[in-house]
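Worksheet for the structure shown next.
The values are calculated or read from the model by the stated rules, or taken from the named source; none is laboratory data. Treat the numbers as computed from the prediction; the structure is a model and nothing was measured. Neighbour counts are summed over all protein chains in view; Cβ atoms, including those assigned to glycine, are modelled from backbone coordinates with ideal geometry.
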Amino acid sequence: MPALPCLLAMHMDNVLLSVPVAVLTLAIVAVSVAVAARLARWSVGDRRLPLMGVMGAFVYAAQMINFPLPGLPGTSAHLGGGVLLAILLGPAAGIVTIAAILIVQCLLFQDGGLLALGCNIINMGLIPCLLGWGIYRAVLGRAANAAAWRQYLAAWIACVAGVTAGAAMVPVEAAASGVLQVPIRQFLSVMIGVHLAVSFFEGAVTFAVLAYLRRVRPELMGLEPAAVSAAYRPGYRVVAASLLVTALLLAGVVSWFASTLPEVLEGSDLHHSSGAAAQAVRNDSPVIAAVDQLQRKWAPLPDYNRREAPPPSWSEPNGWRSLAGVLGTIVTLAILYALSRWMQKSH
């Protein structure tokens, strides 16, 4: 397979899309998220609705931890979190939650293009939440008495399917926009291969969160409480606080040492086996260029850093990235908490 020095990540840039495809996907997402918000009011119980804010903050923080991909020098990846959100909150609330995360990342930190926001929500929200949740429930069977091994196996399979299917949409959307300068089969094989590996990391994180909640509050996942006195189990507020503290530590401290390798194709080349380089994407749209410039101008902390700052070194703690992580975590928490309160009142 031809080597790729830099991969298209799940957060797509504007340059990967034509204006018609961008507008169409934004319209699809606007309708889908509105319907999901309405369905979430009825499908999520009062105990789980407040978890939208905490879990949204946790997934936002987890997405900040980029890790290098073995065998692909110069490339990094991060977790998605859509399958985890769908398992814990249901697919409708999961879609609303991941949409809020991606909007915060796009508007505040220029992580993902403004016109590409529709595609990003489809690829990281709609597909993983719907497909992942469906596979999870099919493998799990009757949730109330599901054995631990069956639940973890269901979650792993759901992560592999949901993450990989969402990643496969990136080449399809770019090809539909007419901007690809390389064969779609080559691009598609790389995206699927890389994100199969990423999905195993995602499965591990999902496994850890489910194992924790299964022990402390199994009813949040539709399971019957373990044969342990309720007096020995922490309350819902304690569980929520523990997840929020973990999110703040990930965003404020661990993110200092996350990989600084690029995860988005920014004018890089796909090298063919002959050694000749070919431009992977070409987009001459003045609208795309104008939106890119507008987004760079108004994003408070572009790329989770101060403006015009040099790229941080992996070994040096980055206070600006820490600030962006904590700020994004708090903003995501506040937005989703307000949404969950509205859903509770309008139920």
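Can you tell me how many residues within the stretch 113-143 are within 23 Å of ASP292 (Cβ to Cβ) and more than 11 Å from the chain's Cα centre (by Cα)?
As a first pass, look at the stretch 113-143 and keep what is within 23 Å of ASP292 (Cβ to Cβ): 113-125.
Checking which are more than 11 Å from the chain's Cα centre (by Cα) leaves us with 113-119.
So the count comes out to 7.
Of all residues in the stretch 138-150, none that is closer than 14 Å to GLY222 by Cβ and modelled with pLDDT under 85 has its Cβ atom under 7 Å from the Cβ atom of a residue that is aliphatic (A, V, I, L, M) and exposed (fewer than 11 other Cβ atoms within 10 Å of the Cβ), 6 or more apart or on another chain.
Could you please give the count of residues in the stretch 92-112 that are under 14 Å from the mean Cα position of the chain (by Cα) and assigned to a helix (DSSP H, G or I)?
Applying the first criterion (under 14 Å from the mean Cα position of the chain (by Cα)) to the stretch 92-112 yields 94-106, 111-112.
Of the ones still in play, those that are also assigned to a helix (DSSP H, G or I) are 94-106.
Matching residues across the stretch 92-112 total 13.
Might you let me know whether the stretch 64-76 holds any residue that is part of a helix (DSSP H, G or I), without any contact (Cβ under 8 Å) to a residue 60 or more places away in the chain and not hydrophobic (A, V, I, L, M, F, W, C)?
To start, the set of residues in the stretch 64-76 that are part of a helix (DSSP H, G or I) comprises none.
Within the stretch 64-76, none of the residues are part of a helix (DSSP H, G or I), without any contact (Cβ under 8 Å) to a residue 60 or more places away in the chain and not hydrophobic (A, V, I, L, M, F, W, C).
Table: residues versus (1) at pLDDT 90 or above; (2) under 29 Å from ILE330 (Cβ atoms); (3) of a type in the set (A, V, I, L, M, F, W, C).
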residue: GLY193; (1), (2), (3): no, no, no
residue: LEU213; (1), (2), (3): no, yes, yes
residue: ARG217; (1), (2), (3): no, yes, no
residue: GLY222; (1), (2), (3): no, no, no
residue: ALA226; (1), (2), (3): no, no, yes
residue: LEU243; (1), (2), (3): yes, yes, yes
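Residues that are closer than 24 Å to TYR304 by Cβ, assigned to a helix (DSSP H, G or I) and within 15 Å of the chain's Cα centre (by Cα): does the stretch 181-193 have at least one? Looking for residues that are closer than 24 Å to TYR304 by Cβ, assigned to a helix (DSSP H, G or I) and within 15 Å of the chain's Cα centre (by Cα), one finds none in the stretch 181-193, hence no. Filtered by the rule that a residue be touching a helix residue (DSSP H, G or I) at 6+ places or on another chain (Cβ under 9 Å), over 21 Å from PRO91 (Cβ atoms) and buried (at least 19 other Cβ atoms within 10 Å of the Cβ), the stretch 181-197 gives PHE187, VAL190, MET191, VAL194.
For the residues LEU79, LEU89, LEU108, the requirement of being at pLDDT below 95, farther than 20 Å from LEU16 by Cα and surrounded by fewer than 24 Cβ atoms within 10 Å (Cβ to Cβ) singles out LEU108. Taken over the stretch 239-248, the criterion of being hydrophobic (A, V, I, L, M, F, W, C) and touching a residue at least 40 places away in the same chain (Cβ under 8 Å) is satisfied by ALA240, LEU243, LEU244, ALA247, LEU248.
Can you spot a residue in the stretch 207-223 that is farther than 17 Å from PHE67 by Cβ, among the small types (Gly, Ala, Ser) and buried (at least 16 other Cβ atoms within 10 Å of the Cβ)? Please lay out each step first, then the result.
At the first step, the residues of the stretch 207-223 found to be farther than 17 Å from PHE67 by Cβ are 209-223.
In the following step, the residues that additionally are among the small types (Gly, Ala, Ser) were identified as 211, 222.
Next cut, buried (at least 16 other Cβ atoms within 10 Å of the Cβ) only: 222.
Yes: one or more hits.
Being more than 30 Å from SER189 (Cβ to Cβ) and at pLDDT 85 or above is a condition met by at least one residue of the stretch 277-288.
When each of TRP133, TRP149 is tested for being crowded, with 20+ Cβ neighbours inside 10 Å, part of a helix (DSSP H, G or I) and not polar (S, T, N, Q), the lone residue that passes is TRP133.
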